[in-house]
Each structure stands twice: as C-alpha cells, then as structure tokens.
Amino acid sequence: MDWTPYLAGAGIGVLSWLTFLLSNKPLGCSTAFAQTFGMIESAIRPASRDKPYWKKVLPTIEWQWMLVVGIIIGAFISSVLAGEFALIWVPSVYGDAFGYDPVFRVAVALIGGILMGLGARWAGGCTSGHGISGTLQLALASWVAAICFFIGGIAAAIVIYGMAA
Amino acid sequence: MFETLRTNSRAQLVLGLFMGIAFGFLLQTGGVTDYNIIIGQLLLTDFTVVKVMLAAVLVGMPGVYLMKEWGWVTLHVRSGAIGSTVIGGLIFGIGFAVLGYCPGTVAGAVGQGALDALVGGVPGILIGTGLFAALYPVLSEKILEKGPFPADTFPELLGVNPWMVVIPVAVFILAILAGLEYLGL
C-alpha cells in the first residue's frame, strides 16, 4: 500500500497543531481570496470599502493571505524536488474527455472558480477551513459543509463526465 | 505564554508564509494539487483526497483537543445553518467538480505549473468571492440564517465530554481508512 497520502495528511494534522498554538488560527484559504478581491476592488473604487461584507472580512494582508502565498511556494519547491513541475494548460483526464483546447479549459476553470468562490464564502469556508480545520474541531457546520462539498462535487462530476461518454 | 507571538502582526505574516510553504509542500507531496487526482476522487475512482483529509483530522483532532484541555489553545468554529452551510456547500461542490481544484489546492496547482489554475481558477475564485460580497446584504437578510444548527460542535450538541466524541470519531476514521485499503481503493 502507498503511505504517501497518509503521511502528507498526518503532516497537515501536525501543522494544524502549530497554527492553533503559534498563530491562534485554523488552516483556511478562501478568506484570503475574498480579501484579495476586496483589495483590488477598493483600489479601483474606494467607495466599495463601505460594503457590509468588507466590514466583516477586512480586505488586508494578514496571516492567511501569507499562508496562501506560501502554498504556491511550497508546492513549487516540492514539485521541483519530485521532478513533477510542468507547465500544463489542460490536465490529461480532462483533455482525454473534452479535448486539449486551452481556451475552452480556461473558460470552464473560470466558471468553476466563480461557483467555488461564491460557494466557499456562502458556506463560510472551503475544503481547508471546513473540510480539515473545522472537522478536526468537531464543528457541526464543518461536517455538514464537507459532506455537502462532496455530494455536490460527486453529483456534478458524474454529470460532467457523463456528457463526455 | 504564546500571547506575545500571537499579537505580533509582523511575526504572524512570516509564520503564515512558512506554514503556507509547509502546507503547500504537504499538499503537493500528497498528490492533491493535481486535477486528475481531485476529479478522480469526485468520480470515486481515486481516494487520495479522502485519505489526506481523514489522516489530517485523525492527527489534528486529538492534538488540538489535548492543547485545549491544557488551556494552550481555543477552538475557532463557525455556527452553521441550512441556508448558509448546506446551500453554500452544494454550490461549492459543483464548482469543485467544474474547476477540479479547491481554494487551497488551486494555489498549490499554480506552484506546480498548472496554467488552467493560474489563468482560470484563481481569477474565477476571486470573482466568485466578489460576487458573494456584492450579494451579501441580500443573502444575509433572506437566506444565510435560515434553519440554524442547534449547536456549534458535536460535544456541545450531545452535551458530553469532548473525548467521548474524539475517540469514537478517531475509531470511525481508522475504520474507513482500513476499509479503503481492504478494498484496494
């Protein structure tokens, strides 16, 4: 059997001890995207700062924003060390089903991203914030959210890949 | 004991960066920054994503609850409701299948060279969060608080000592993982 997913997962578990202990924060990612949008929006239209949501989620660079920047760097280092770094427009499973047109793939990814960003803020967290950090704290909302992520995801994936067959 | 560090905002930016590097390294090593692996999970042909997540909970949960018992950490949980958690979760799930990355793994995918994540996924998620910010006044009034959950955590819901939940959940996770390996998934 392959122990890699378990070791990586256990490492993330230990990392979550450290985020609670040293930073008083759970691992999470989607707030940083909202903050980035808020910073861009308020740079273009300063009046947008008055939106109620930007009172709740301050559009500023803080711990979680740096965490997401770190993820890019960490995955870059790891993929280079493993010889897995590669510039790819269309992943192979997607390409074999729907073709290797980069423009079509990017358009689909953009639409998926919009739904995901909307859903993540709607549900109050993502696969990290709810799916790992919330479930490990035994939060009711996070278990429900994680189950809904997979119900929605499995149903949509089966429909999408059903169209290719 | 950790108060000085936790309130030092400059140190927290540096810590956030280094913890992110560790997180990205672990996600990439675990294989979950790859579209093929994530979509394989949603098509139920590859269980890497579930293995990584459950292993993280299995290790993270007792550590965090132990440190909470020692008074070292406080929990950070959000209240939920049908209107926010279930509806938002299902929208997220559909986006998860269409994009093939989540907000953390999309960053990791960018790091390993996935240009669809960089040019499509990241701008998409940014726009989606902006859309939510624009809709927030209406949603918070009409939908988000509908059907609130009765408690924030399972130990509160059941009115029991947290370890009465931590231990059965740990056993449950071990059973699922053993089952996946037994089935060769």
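The values are calculated or read from the model by the stated rules, or taken from the named source; none is laboratory data. Keep in mind it's a predicted model, so treat the numbers as computed, not measured. Please note: Cβ atoms are built from the backbone with ideal geometry, for glycine as well, and neighbour counts cover all protein chains shown. SASA here: full protein model, heavy atoms, side chains in, ligands and nucleic acids out. Shrake-Rupley method; radii C 1.70, N 1.55, O 1.52, S 1.80 Å.
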Notebook entry, point to check: Given the convex hull of the Cα atoms of the range A:1-86, what is a quarter of its surface area in nm²?
Noted result: 7.9
Note to self: At 1.4 Å probe size, with the rest of the protein present, what percent of the exposed accessible area of the range A:37-86 is carbon and sulfur atoms?
What the structure shows: 69
Notebook entry, point to check: When we measure straight from the Cα of A:LYS56, which lysines land under 21 angstrom away, once same-chain ones fewer than 8 places off are left out?
Noted result: A:LYS25, B:LYS142, B:LYS146
Notebook entry, point to check: Taking the Cα centre of the protein assembly as shown as origin and charging only Cβ (+1 Lys, Arg; -1 Asp, Glu), how large is the dipole, in debye to the nearest 20?
Noted result: 840
Check: Looking only at A:THR135, A:THR19, A:THR127, which one moves most when chain A is put into a Gaussian network model with springs between Cα atoms under 10 Å?
Finding: A:THR19
Note to self: Can you compute the helix-only [θ] at 222 nm over the protein assembly as shown? Use -39500 (n - 2.57) per DSSP H run of at least 4 residues, normalise by all residues, nearest 500 deg cm²/dmol.
What the structure shows: -22000 deg cm²/dmol
Next item on the list: Per residue of A:80-87, count partner chain C-beta atoms within 10 Å of its C-beta, then hand back the mean as an integer.
Entry: 4
Item checked: Shape parameters for chain A, alpha-carbon atoms, Rg then Dmax in Å -> 18.1, 56
Margin query: Within 10 Å of each Cβ in B:43-50, how many Cβ atoms from other chains are there, averaged over the peptide?
Written below: 4
Notebook entry, point to check: How would you classify the range B:41-92 from its alpha-carbon gyration tensor, with a ≥ b ≥ c the square roots of the eigenvalues: rounded for a/c under 1.5, else prolate if a/b is greater than b/c, otherwise oblate?
Noted result: oblate
Note to self: Per residue of the range B:19-30, what does 6.51 cos²θ - 1.76 cosθ + 1.60 with θ = phi - 60° give for ³J(HN,Hα)? Whole Hz please, x for Gly and Pro, Karplus curve as stated.
What the structure shows: 5, x, 4, 4, 4, x, 4, 5, 4, 5, 4, x
Notebook entry, point to check: What residues have an amide H closer than 5 Å to that of B:ALA114, excluding those fewer than 5 places away on the same chain, when H is modeled at 1.01 Å from N in the peptide plane?
Noted result: A:ILE88
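Given axes a ≥ b ≥ c from the Cα gyration tensor, I'd like to know whether the protein assembly as shown is rounded (a/c under 1.5), prolate (a/b larger than b/c) or oblate.
The shape class here is rounded.
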Notebook entry, point to check: From the square roots a ≥ b ≥ c of the eigenvalues of the alpha-carbon gyration tensor of the range B:80-148, which class results: rounded (a/c under 1.5), prolate (a/b over b/c), or oblate?
Noted result: prolate
Notebook entry, point to check: Using alpha-carbon positions, what is the distance between the centroids of the range A:94-150 and the range B:63-120, in Å?
Noted result: 7
